[in-house]
Structure formats: C-alpha cells, structure tokens
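Below: the structure, in structure tokens.
Bear in mind that the values in this text are calculations on the coordinates, not laboratory data. Note that this is a predicted model, so its numbers are computed, not measured. Cβ: placed from backbone, ideal geometry, glycine included. Neighbour counts: every protein chain shown.
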Amino acid sequence: MVPPSRAVSHLSAAAVQSLEEAHIRHPLNPASDVFLRRLAPIFGLQRLALYVARVPPRKESFLFHRHERDEEFLVILSGRGHAEIGEDKIEVGPGDIMAFPAPHGPPHHVTNPFDEDLIYLMGGESSGFDIAHFPRINKQLVFSSSDIQLVDGEASEKMCFADWQVPASTGDVKT
C-alpha cells in the first residue's frame with residue numbers, strides 16, 4: 001500500500017496506460033483471461049478495490065458469480081462485450097455501467113466475443129472477507145485477508161442453528 005503522504009489524487013490517462021498489468025485467469029474457468037491495472041493503492045484507498053481491466057478478444061472475465069459481502073461495479077471504457085446479469089444476456093459498450101449490490105444482487109459475468117479488447121473500470125468494496133458464489137457449478141470461494149478457500153457445494157453439508165442445539169431431554173440440563 002502507498003503511504004498517505006505518497007498517495008495521489010489524480011492520474012492522467014497516459015499514467016494509467018503506463019501501469020503494469022497483472023495477468024490473471026480464474027482457476028475455475030479455462031476461458032478466463034484478464035489483465036488488471038491496480039489503482040486503489042496508488043490513490044491510498046484502503047476500503048475500495050479499483051482496477052482497469054482488459055479482456056482480450058474471444059476471452060472471458062472471471063466466472064458467472066455473485067458476492068456475499070462486497071458490492072461491485074463495472075464501467076465500460078472501450079470495446080464491446082456481453083454481460084450476463086441473472087437470466088439476461090446483453091451487449092455492453094463504452095459508457096455502460098453495471099452495479100451489483102451484496103448479498104442479493106444478481107450473478108453476473110462479462111465475456112468478449114468481439115475482435116478488439118474490452119476495457120472497463122472495475123471496483124467495489126474491499127472488506128477483507130467475502131464469499132463468491134458460483135451458482136452454475138455449485139461452488140464458492142471464501143476470500144479472507146490471508147487466503148482463498150474453495151468450497152464444493154456437492155461435498156459440503158448444509159447446516160442450521162438447530163443442528164447445534166442440545167435437546168432438553170438429554171439430561172444435560174439440571175433443574
């Protein structure tokens with residue numbers, strides 16, 4: 001993180017373009033191919049994630065998902081793509097904005113079936129703990145400040161508070 005005394009309040013488009021890109025692929029989607037320029041630390045932002053994302057032609061962003069805790073937004077800067085939002089699939093282009101509240105926002109995903117890069121501003125909360133739900137494959141990723149855990153919905157057991165309660169008839173309660 002950039003110390004507050006070194007944080008900036010403005011970056012020119014040329015400065016943003018000159019930032020190093022981190023190349024990532026979502027481990028659950030072989031078609032995922034995303035290049036990220038991380039902006040939040042440059043501005044000294046600690047509670048906000050902020051990136052310029054680039055998805056090459058015929059590639060995808062991450063995987064159809066929704067967040068449990070961290071809200072998210074995207075603003076298309078250049079190129080075109082397809083956005084899946086819940087049951088809808090729409091074409092998106094420069095100036096289009098998408099926002100996804102947590103925890104009940106719709107699952108979403110961005111793909112680039114076109115011949116030029118899709119570039120967008122992506123941001124949202126950075127709480128230090130979030131769960132990403134992937135409804136089509138019944139898996140979750142649990143993000144904490146120290147690691148990421150994959151949870152397989154097929155192999156996990158759903159529980160509720162009643163599963164933890166001890167019935168009074170067991171004799172454990174003294175009267």
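Observations, loosely collected:
- Remark: spin-label model distance Glu68-Arg47 equals 2.2 nm, labels positioned 7 Å along the Cα→Cβ axis.
- Pairs of lysines in the chain (C-alpha under 24 Å apart; 8 or more residues apart or interchain): 4
- The calculated 222 nm mean residue ellipticity attributable to helices in the chain amounts to -1000 deg cm²/dmol, summing -39500 (n - 2.57) over DSSP H runs of n ≥ 4 and dividing by all residues.
- Per-residue HN-Hα couplings for segment 153-166 [Karplus 6.51, -1.76, 1.60; θ = phi - 60°; Hz; x = Gly/Pro]: x, 6, 9, 8, 10, 7, 10, 9, 4, 4, 5, 9, 7, 9
- One chain, two ends: Arg25 and Val75. Fully extended at 0.36 nm per residue, the span grows by 16.0 nm beyond their Cα-Cα distance.
- Relative packing of 147-159, 74-86, which averages over residues the other C-beta atoms within 10 Å, highest first: 74-86, 147-159
- Average silhouette area of segment 82-172, convex hull of alpha-carbon atoms, in square nanometres: 9.9
- In whole percents, the pair-distance distribution calculated for segment 20-127 from its alpha-carbon pairs, binned every 10 Å from zero, is 16, 49, 33, 3.
- Applying 0.36 nm per residue to the separation of Ala162 and Ala15 and subtracting their alpha-carbon distance, the gain on full extension is 47.4 nm.
- Cα centroid separation - segment 30-108 against segment 121-165, whole Å: 19
- The Ile148 and Asp115 beta-carbon pair, evaluated with R₀ = 25 Å, returns a calculated FRET efficiency of approximately 0.15.
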